Amino acid sequence: MSTKRIAPSILAADFANLQRDIEMVNASEADWFHIDIMDGVFVPNISFGMPVLKAISKHATKTIDVHLMIVDPDRYIQTFADLGADVLTVHYEACTHLHRTLQAIKAAGMKAGVALNPHTNISLLEDVIQDIDLVCIMSVNPGFGGQSFIENTYDKVKKLKALITEKGAATEIEIDGGVNDKNAKALVDAGADVLVAGSFVFRSENPTATIQNLKQLVS
Ligand code: DX5
Ligand code: ZN
């Protein structure tokens, strides 16, 4: 049994049928809900905010993995804990005092994640890797679903895996953006633990079967 996880991104769900899509994920082989929060400042798009996450939490029966694409995320750590986030991921590029932010996320009872934009080098995490539960490697520029996968991601996953091993850290590796049935296995072979998939799941004819297919590919 593989411990590799599939995390459907709710950004690609049908917002007019949100409960239906949440129940689909609940009943599927998916492991996590991936929730993208965008502020229109850190990224050039606005997704949805607290009231929508509150509604999602009410129905979701699996781990809620919140990806904050917002400036100054420290302002909302307790809010997201109260809304039911299990994992809270902030962007490296949005945090001046990353170590302090990570401690605050853990103190609020959540797992602490750090996301890296495609241009951000893995080596920047050298001094903080032991404090990170999850590193989210962005395999597209954050802000939109449905973009194509950046091939340099494989190299970054391998470098991050080597850093985690060298430091004896327990950090997991998540890949976010453009994940599909063509790259899923190779990403896991390179060292990924969690694969986020939005469009590939929700734009498919049978999302439940697509999740099952992804799960089998990484097992
Ligand atoms: C992009 C988001 C992703 C997005 C992935 O900014 O962080 O989570 O929803 O969507 P796909 O799988 O369509 O690239
Ligand atoms: Zn995301």
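Annotation: per residue accessible area for the range 24-77 equals 41 Å², rounded to a whole number [probe 1.4 Å, protein chains only]. Basic side chains Lys and Arg get +1 at the Cβ, acidic Asp and Glu get -1 at the Cβ, and with that the dipole of the range 36-137 about its Cα centre reaches some 380 debye.
Placing +1 on the Cβ of every Lys and Arg and -1 on the Cβ of every Asp and Glu, with nothing else charged, gives the range 110-219 a dipole about its Cα centre of roughly 240 debye.
Rg/Rh for the range 59-149 stands at 0.95; both radii use Cα atoms, and Rh follows the Kirkwood definition. Farthest towards the positive end of the charge dipole of the chain, among the residues Tyr76, Ser28, Ala186, is the Cα of Ser28, using unit charges on the Cβ of Lys, Arg, Asp and Glu.
Think of the range 131-179 as having a plus end and a minus end, set by charges on the Cβ of Lys, Arg, Asp and Glu; of Ala162, Pro142, Gly177, Ala162 sits farthest toward the positive end of this dipole. Compute the FRET efficiency between Thr79 and Lys167 as 1/(1 + (r/R0)^6), taking r as their Cβ-Cβ distance and R0 = 35 Å, and round to the nearest 0.05. So, using R0 = 35 Å, E works out to roughly 0.65. Note on the chain: GNM, Cα springs under 10 Å; of Thr63, Thr79, Thr101, the largest mean-square fluctuation is that of Thr79. If you plug the beta carbon distance of Ile46 and Glu151 into 1/(1 + (r/R0)^6) with R0 = 30 Å, you get a FRET efficiency near 0.55. Computed about the Cα centre, the dipole magnitude for the range 5-218 is approximately 140 debye when only Lys and Arg (+1) and Asp and Glu (-1) carry charge, each at its Cβ. Relative to one another, the C-alpha centroids of the range 32-55 and the range 177-219 are positioned 22 Å apart. Once the Cα-Cα distance is subtracted from the 0.36 nm per residue extended length, the Ser123 to Asp14 segment shows a gain of 35.5 nm. Database remark: amide H of Glu29 closer than 5 angstrom to the amide H of Gln212 (H placed geometrically; neighbours at sequence offset of 5 or more, or on other chains; Pro and chain starts carry no H).
The value of relative contact order for the chain, using C-alpha pairs under 8 Å at least six residues apart, is 22 percent. P(r) tail, the range 5-218: Cα-Cα pairs separated by more than 21 Å, 49% of all pairs.
The values are calculated or read from the model by the stated rules, or taken from the named source; none is laboratory data. Since the structure is predicted, the reported quantities are computational estimates derived from the model, not experimental observations. As a convention, Cβ positions derive from the backbone with ideal geometry for all residues, glycine included, and neighbour counts pool all protein chains shown. Just the protein is used for accessible areas: all its heavy atoms, side chains included, with ligands, DNA and RNA removed. Shrake-Rupley method; radii C 1.70, N 1.55, O 1.52, S 1.80 Å.
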